[in-house]
Amino acid sequence: MIDWCDKLELSVRADGHIVRDGGASDVTAEQDLVVRAARSLKEASGTALGAHIILDKSIPQGAGLGGGSSDAAATLLGLNELWDLRLANEELARIGLGLGADVPVFIHQRPAWAEGVGERLTPLAFVERDYLVVFPGVQLATASMFADPWLRRDCPRVTVEDYVAGAVLGNVFAAVASAHSPEVAAAWRWLEQRFGVVRLTGSGSALFVEIADRAAVLAKMADAPSSWRWRCARSLSNWFDKP
């Protein structure tokens with residue numbers, strides 16, 4: 001989890017309706033994960049209350065940065081308080097799993113190793129790290145990436161012990177993302193020449209590099225393509241409702 005975030009404002013409606021303002025221009029309210037999250041929580045809890053949700057998007061869509069999932073998690077956490085439901089995080093995570101595989105990790109607000117489809121989480125120690133995160137201006141749909149016939153499905157199993165021990169773990173989507181998108185491939189080469197090890201976020205399309213010196217990174221990014229959206233981001237934990 002990093003501090004490149006969307007912003008949500010939640011308030012209670014007494015009439016039971018779920019209303020969303022804002023959000024991505026090409027995502028209808030019916031499709032939006034924040035609306036689906038609110039409705040799932042309303043159905044699971046049986047509350048008669050509704051909600052007004054104002055969503056201010058900052059995280060790029062189709063970037064593999066978990067924008068929709070973290071918004072859904074924030075909606076579940078926030079309405080659990082505003083509706084005074086007092087549901088445990090485990091129950092919110094169960095509801096969230098029906099919305100997306102990576103919603104539960106955002107519900108628990110801590111780094112974790114995920115297995116299964118995202119429901120089996122092993123907590124990890126929080127470590128402050130800085131990253132350069134680059135969105136090369138192209139969206140990659142998660143569903144189509146998973147369905148791609150070139151995606152490797154015969155990889156050796158990796159474990160949380162491998163990760164903690166510092167093993168270099170690849171991302172099976174990296175080759176597919178580069179093949180699908182010349183923009184991703186070009187951004188990868190550009191970043192690799194300047195910063196070394198580059199990684200893909202989820203199924204893409206954003207790329208990231210762990211960094212130590214922000215000033216040096218800003219200098220190197222001065223001639224980055226204008227079509228990119230990028231920022232130096234910091235890892236965080238217990239992110240919900242932080243100022």
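Values in this text are rule-based calculations from the coordinates and carry no lab data. In this text the structure is predicted, and so the values were computed from the model without any measurement. Cβ atoms come from the backbone with ideal geometry, glycine included; neighbour counts cover every protein chain shown.
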Once Lys and Arg are counted +1 and Asp and Glu -1 for all other residues with Cβ under 11 Å from that of Leu49, the total becomes 0
Expressed in µm² per second, the diffusion coefficient of the range 101-232 from the Stokes-Einstein equation, with Rh the Kirkwood radius over alpha carbon pairs, at 37 °C and 0.692 mPa s, is 201 µm²/s
Correct response: the longest run of the chain lacking exposed GluC sites (Glu not before Pro), defined by DSSP loop and at most 11 other Cβ within 10 Å, is 129-243
Percent relative contact order for the chain, counting Cα pairs under 8 Å at least six residues apart, stands at 23 percent
Whole-Hz Karplus couplings 3J(HN,Hα) for the range 169-181, θ = phi - 60° and coefficients 6.51, -1.76, 1.60, Gly and Pro as x, run 9, x, 10, 5, 7, 4, 5, 5, 4, 5, 5, 6, 10
Scaled by the rule-of-thumb 2.2 N^0.38 Å, the alpha carbon Rg for the chain gives a ratio of 1.05
Which residues qualify? For Ile2, with a placed amide H closer than 5 Å and at least 5 residues away or on another chain, they are Leu236
Longest principal axis of the chain (C-alpha) makes with the long axis of helix 67-82 (C-alpha) an angle, in degrees to the nearest 10, of 30 degrees
Neighbours of Gly64 by Cβ distance under 12 Å: Lys/Arg at +1, Asp/Glu at -1, summed charge 0
Quick calc, Val117 & Glu161: beta-carbon distance into FRET formula, R0 22 Å, rounding 0.05, result 0.55
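When the Kirkwood hydrodynamic radius is evaluated over all pairs of different C-alpha atoms of the range 1-145, what value in angstrom, to one decimal, is obtained?
Working: mean 1/r = 0.0629 Å⁻¹.
Evaluated on the range 1-145, it is 15.9 Å.
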Note: Glu90 to Gln61 extended length (0.36 nm per residue) minus current alpha-carbon separation gives 7.7 nm
With only helices counted (DSSP H, runs n ≥ 4, each -39500 (n - 2.57)), the per-residue ellipticity at 222 nm for the chain, to the nearest 500, works out to -10000 deg cm²/dmol
